[in-house]
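Novice: Once you've had a glance at the structure underneath, I'll fire off some questions.
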Amino acid sequence: MRTFLMLGVLVSAGTLCVTESMRVSAAPAKTHSLSTAAALGKEIFSDPTLSASGKMACSTCHIPRYAYGPASAAAVQYGGPTLKSPGYRAVPSLRYILNYVPVWSHARDTNPIEQLTETDTSPAGGYTWDGRFNSLHAQALLPFLSPVEMDNRNVTELAKKLSQARYAGAFRAVFGKDIFNHPELAVEKATLAIEQFELQDKSFHPYTSKVDRWLDGKATLTPQELRGKQLFDDPNGGNCASCHIDELGANGAHPLFTDFQFEALGVPRNNEIPWNANPRYYDMGLCGPFRKDAASKDPANCGLFRTPTLRNVAIRRVFFHNGRFHSLREALRFYVQRDTNPAKWYPVGAGGKVEKFNDLPARYRKNVDTTDTPLNRTTGQKPVWSEQDIDDVIAFLKALVDQDEVEKEDGTSTLPARASLQMPNQGLCRTDPRCSTLGVRGVCHNDSIAALRLGAIESLIGRAH
Amino acid sequence: MTKRLLTALLFVCSVFLFFTVFHTVALASTGKNIRPAIPRIRHVFVITLENKNFSATFGPESEAPYLAETLRARGALLTQYYGTGHNSLDNYIAMVSGQATTPQTSADCNTYADFHQTGMTPDGQVVGDGCVYPASVKTLANQLMAAGLTWKGYMEDMGNDPARESSTCGHPALNAVDLTQRAEAPSAAVPEGDMYATRHDPFMYFHAIIDAPVCKSKVVNLRQLKDDLRSVATTPNFSFITPNLCDDGHDSPCANGEPGGLKSINTFLQKWIPILLHSPAYKQDGLIIINFDEGGSGEIKQSMIGTVVTVDGASCCRQQKGPNLNQQYPIVVTRLSHGRLITKRTLSFGGDRTGALLLSQYIRPGTVSNVPYNHYSLLKSLEEILGIHEYLGYAGQQGLAAFGRDVFTSN
């Protein structure tokens, strides 16, 4: 019954074609053979013709060369028929967890007394930030049909696009010559092919970071990186490793830096997300609005999101499920100063009181973790980390970046600095000084925002989620 | 016979009785044992389940009717069997070593910490704190090996996820966080999930076992039990069987979607008890013991300001607290959960009443014993049954009852 803390949902969450990785291979990523289905899945993963816009594929946001995460700092990505429909959550990296994500579960002690006194009661598992998919192929269907992503109206429309794709012949060869006469089956096979690609392709789990080499005794961490790891591990300090597990497995498997459990960190509301212009709209993770099963009916689940891996977190420019922060330093500062200096992170309400955890309805704010170190501090206390400490932790987290990403940082990347599809909302962030530094282009979707009412949101959600 | 002869015979009998009693007391006080008249049982199977009080398990509304009714009708019900502590781990340790609770074992050793020994009591209790006892602390398994007998621990799910724990002798790295504290649900990489819990595997808390090469062949996955049961020769004299966190009733619902609790206990026993009953070793001279680590009873009171949980911590058999629990009872712990204050009051150090059920050809069907027993009694009984001439730890407590004629009611 250990207590759990989550450094929190540091990496962002999106919804496009989620994947996770194997944790057994420490070999560098290299070309290797895929099964025929997986090879087909690779084609589908990067095919923009499968979207209503003709410009969006899974790989548009889950960019292989960015650890299958987004290149941009936009809180959410934009999709739909004209690429002007904002997503709901930040896009996660697909590296390093996919085949180890357990099915969603919330095991409890049988004994009612232990249920009341247990401290380790978090739900765990499932794909996406709210864990509502128990398989990769089930999850893979979501972005194809989401109106804010690839925007196919139904599986028949998607199957038709598949039948016209450049790899349609290969698709028939793998799944049968009349496969496209059965649209639902064709789409199911397509998602299974994506699943196989995500599970088989070593680019999803290269294990080439400096920390991996260090764990194998083939590299040395600098004193600063080692100090960062100590700060990361310290149960009375950062306590990050209690959720972002960083020790070798019993069989020598390299760590995934997540325990797949859910946690409520109380990340501040992010007004960069257009949907948040509606004050009645709340993204409460495990209890909705997208998740609609029995778990979503439990008030204790409101505000909980699944803990992401921290591998390659240092190359990200968008953090937490709602993309509220755009630098690792700010994300870490929030983590250790959330409770010691709440006015820095949350707005002041009408009564002059700081509105902590303002991205949740008031009745659910009690779900936010205030018991695990360092989230158990009070206003005015000294944060567990100094700025120097944060430097050290960042140094350690940078050592978690895979070698191919490090090489890009060194200037060998051929990718543009930002993906072309992001359409941040100038209007909403007009007063936010960060906007001037983001270098984003596009227009603000004020029209869309004005039209957004909860009913409209639910309508959209009902179609794709 | 003359009156003189009768007087002489009475004198001789009295002298014999005196020396017998004196000798018994003397041996017990020095940790030695003479076996009472118990059946020649040579194969014992212990199945330990989780966290149920007697009335829930064996009462008329039991959700485990196979245990509460079917098996009860053919075995011996020990109505006054008690756990020795809360939470789980200290109970398991008591069963195999006679060692009392430490603050860490009482809290289930979230960190698999080495035991720091500072002393030893005259009655064999190691003084100190921690989880993994030094090599000088012996267990029933060590006693059996010394006596030329065999043993095994059969742990369901152990090694299902090899990154979580080894498939044999599976435990966390010393002084590392125990990642087996919660069940792992199935995934693409681990299709069956992994609900092994180190804290329910008593052998993992003794250097005398985990440092020995035999650990890898003695503490194995439950899957191996069926093979071992095929003949008397391959069946260990002592088998300790730990179901996974679902099948032992600890969880409900379970990580794998099963119901857990007494329902999963029932399903597990319906599968495994017939397998044991039909094994050659059981048929020859077997004994099956089904017990629970600790009781689950207590009182829950809701109020405007929060919830107050009271756990009795009741014990029997003049159980001693041991040298390592320095807290004064009742112990009161409070914490906030979802904005609500939870207060837990533990009134004493015992493990509460659980009951136990025994099956053997030496037990008359429908036997009921109201003799008080606890996990130390179990250890003493196992030592006596298997012919070990020394009691470990509190199994050597003076006057402690072992299973006797109240249990073995059939010759």
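The numbers here are math on the coordinates, done by the rules we state, and not lab data. The model shown is predicted, which means the values in this text are computed figures rather than measured ones. No Cβ is skipped: glycine too gets one built from the backbone with ideal geometry, and neighbour counts run over all protein chains shown.
Novice: Enter the per residue convex hull volume of the range A:183-251, computed from alpha-carbon coordinates, in Å³ rounded to the nearest integer.
Specialist: 144
Novice: Given the options B:Ala314, B:Ala176, B:Ala94, which has the most mean-square fluctuation in a GNM of chain B, springs set between C-alpha atoms less than 10 angstrom apart?
Specialist: For chain B, modelled as a Gaussian network with Cα springs under 10 Å, the answer is B:Ala176.
Novice: Would you work out the relative contact order for chain B, in percent, from Cα pairs under 8 angstrom that are 6 or more residues apart?
Specialist: Dividing the mean separation by the residue count of chain B yields 29 percent.
Novice: First select every other residue whose beta carbon is under 10 angstrom from the beta carbon of B:Gly98; then total the charges, Lys and Arg +1, Asp and Glu -1.
Specialist: Cβ neighbours under 10 Å give a net charge of 0.
Novice: State which helices in chain B qualify, where a helix is a whole DSSP H run, it must extend 18 Å or more along its own axis by its Cα atoms, and its mean Kyte-Doolittle hydropathy must be at least 1.0.
Specialist: Span-like helices here: B:3-29.
Novice: Which of the aspartates and glutamates could a cross-linker span from B:Lys216 if the Cα-Cα distance has to be under 14 Å and same-chain partners fewer than 8 positions apart are dropped?
Specialist: Reachable aspartates and glutamates: B:Glu165, B:Asp201.
Novice: Calculate the spin-label point distance for B:Thr79 paired with A:Asn181, positioning each point 7 Å from the Cα along the beta-carbon direction, and give it in nanometres.
Specialist: 7.3
Novice: Which value, in Å³ per residue, describes the convex hull spanned by the Cα atoms of the range B:231-307?
Specialist: Each residue corresponds to 119 Å³ of Cα convex hull volume.
Novice: Could I ask something else about it? If you count, for each residue, the other Cβ atoms within 10 Å and average over each peptide, how do A:92-103, A:167-178 line up from highest to lowest?
Specialist: The peptides rank, most packed first, as A:92-103, A:167-178.
Novice: Residues with amide H under 5 Å of B:Phe292's amide H, sequence separation 5 or more or different chain, H placed in the peptide plane at 1.01 Å from N; which?
Specialist: B:Leu49
Novice: Divide, for the range B:271-349, the radius of gyration over alpha carbons by 2.2 N^0.38 Å, where N is the residue count.
Specialist: 1.74
Novice: Then there is this: Which far-off residues, 5 or more places away or on another chain, put their amide H under 5 Å from the one on B:Ala356, with H placed in the peptide plane?
Specialist: Residues meeting the criterion, in which the H sits 1.01 Å from N, are B:Leu78, B:Tyr81.
Novice: Now for a different question. Could you work out which residue, out of B:Asn370, B:Asn110, B:Asn326, moves most in a Gaussian network model of chain B, that is, has the largest mean-square fluctuation with Cα springs under 10 Å?
Specialist: Looking only at B:Asn370, B:Asn110, B:Asn326, the largest GNM fluctuation is found for B:Asn326.
Novice: What are the trypsin sites (Lys or Arg not before Pro) within the range A:206-257 that DSSP puts in a loop, where the Cβ has at most 16 other Cβ atoms within 10 Å?
Specialist: A:Lys218
Novice: What is the projected area of the convex hull of the Cα atoms of the range A:78-157, averaged over all directions, in nm²?
Specialist: The directionally averaged projection comes out at 7.5 nm².
Novice: Between the range A:62-124 and the range B:47-91, what is the C-alpha centre distance in whole Å?
Specialist: 41
Novice: So, one more: Compute the Kirkwood hydrodynamic radius of the protein assembly as shown, taking the inverse of the mean of 1/r over all pairs of distinct Cα atoms, and give it in Å to one decimal.
Specialist: 29.6
Novice: Mean residue ellipticity at 222 nm from the helices of chain B, using -39,500 (n - 2.57) per DSSP H segment of n ≥ 4 over the full residue count, to the nearest 500 deg cm²/dmol?
Specialist: Result for chain B: -6500 deg cm²/dmol, rounded to the nearest 500.
Novice: In addition: What's the longest uninterrupted piece of chain B once you rule out the GluC sites (Glu not before Pro) that are loop residues per DSSP with at most 16 other Cβ within 10 Å?
Specialist: B:193-411
Novice: Rounded to the nearest Å, what's the spacing between the alpha carbon centres of the range B:157-188 and the range A:322-363? Just the number, please.
Specialist: One Cα centre to the other: 37 Å.
Novice: Rounded to the nearest 0.05, what FRET efficiency do B:Thr234 and B:Ile275 have when you use their Cβ-Cβ distance and R0 = 22 Å?
Specialist: 0.95
Novice: For A:Asp233, B:Asp293, B:Asp247, B:Asp227, what ranking results if the residue with the fewest other Cβ atoms within 10 Å of its Cβ goes first?
Specialist: B:Asp227, A:Asp233, B:Asp247, B:Asp293
Novice: I would also like to ask the following. Please report, for the Cα atoms of the range A:36-464, the Rg to one decimal and the Dmax as a whole number; what are they, in angstrom?
Specialist: Rg, Dmax (Cα atoms, Å): 21.7, 69.
Novice: Also: Between B:Arg40 and B:Gln328, how many nm apart are label points set 7 Å from Cα along the C-beta direction?
Specialist: The modelled label-to-label distance comes out at 5.7 nm.
Novice: Further question: Once phi is turned into ³J(HN,Hα) by the Karplus curve 6.51 cos²θ - 1.76 cosθ + 1.60 with θ = phi - 60°, what whole-Hz value does each residue of the range B:160-176 show in order, with x for glycine and proline?
Specialist: Ordered by residue, 3J(HN,Hα) equals 4, 10, x, 6, 8, 7, 5, 7, 10, 6, x, 8, x, 5, 4, 6, 9 Hz.
Novice: Show me the GluC sites (Glu not before Pro) within the range A:236-273 that DSSP assigns to loop and that have at most 16 other Cβ atoms within 10 Å of their Cβ.
Specialist: A:Glu247
Novice: Identify all aspartates and glutamates with a Cα-Cα distance to A:Lys398 below 18 Å; exclude those on the same chain that are fewer than 8 residues away in sequence.
Specialist: In chain and number order, the partners are A:Asp212, A:Asp216, A:Glu225, A:Asp233, A:Asp246, A:Glu247, A:Glu330, A:Glu387, A:Asp389, A:Glu407, A:Glu409, A:Asp410.
Novice: Where does the charge balance sit around A:Asn322 when Lys and Arg score +1, Asp and Glu -1, over other residues with C-beta under 9 Å from its C-beta?
Specialist: Net charge around A:Asn322: 0.
Novice: Note down, for chain B, the three equivalent ellipsoid semi-axes (square root of 5 times each alpha carbon gyration tensor eigenvalue), biggest first, whole angstrom.
Specialist: 35, 25, 23
Novice: Under the Karplus relation 6.51 cos²θ - 1.76 cosθ + 1.60, θ = phi - 60°, what is the ordered set of whole-Hz ³J(HN,Hα) values for the range A:222-229, x standing for Gly and Pro?
Specialist: Along the range A:222-229, the couplings run 5, x, 5, 5, 5, 5, x, 5 Hz.
Novice: So what are the ³J(HN,Hα) numbers for the range A:245-260, from phi and the Karplus equation (6.51, -1.76, 1.60; θ = phi - 60°), rounded to whole Hz, Gly and Pro as x?
Specialist: Rounded to whole hertz, the list is 4, 10, 9, 4, x, 4, 9, x, 4, 6, x, 9, 6, 7, 10, 6.
Novice: Next question. If the limit is 29 Å between Cα atoms, which of B:Lys138/B:Lys271; B:Lys218/B:Lys271; A:Lys353/B:Lys301; B:Lys218/B:Lys344 go over it?
Specialist: Where the Cα-Cα span goes over 29 Å, the pairs concerned are B:Lys138/B:Lys271; A:Lys353/B:Lys301; B:Lys218/B:Lys344.
Novice: How about the range B:175-280: which trypsin sites (Lys or Arg not before Pro) there are in a DSSP loop, with at most 13 other Cβ atoms within 10 Å of their Cβ?
Specialist: Those that pass, being in a loop and sparsely packed, are B:Arg230.
Novice: For the pair B:Ile300 and A:Ala170, what calculated FRET efficiency results from E = 1/(1 + (r/R0)^6), where r is the Cβ-Cβ distance and R0 = 51 Å, to the nearest 0.05?
Specialist: 0.25
Novice: Report, in debye and to the nearest 20, how large the dipole of the protein assembly as shown comes out about its Cα centre when Lys and Arg carry +1 and Asp and Glu carry -1 on their Cβ.
Specialist: 780
Novice: In square nanometres and to one decimal, what's the mean projected area of the convex hull around the Cα atoms of the range B:262-303?
Specialist: 4.3
Novice: How many angstrom lie between the C-alpha centres of the range B:224-263 and the range A:146-179?
Specialist: So the two Cα centres are separated by 47 Å.
Novice: Follow-up. Give me B:Val332, A:Val91 ranked fewest to most by other Cβ atoms within 10 Å of their Cβ, as a rough exposure proxy.
Specialist: B:Val332, A:Val91
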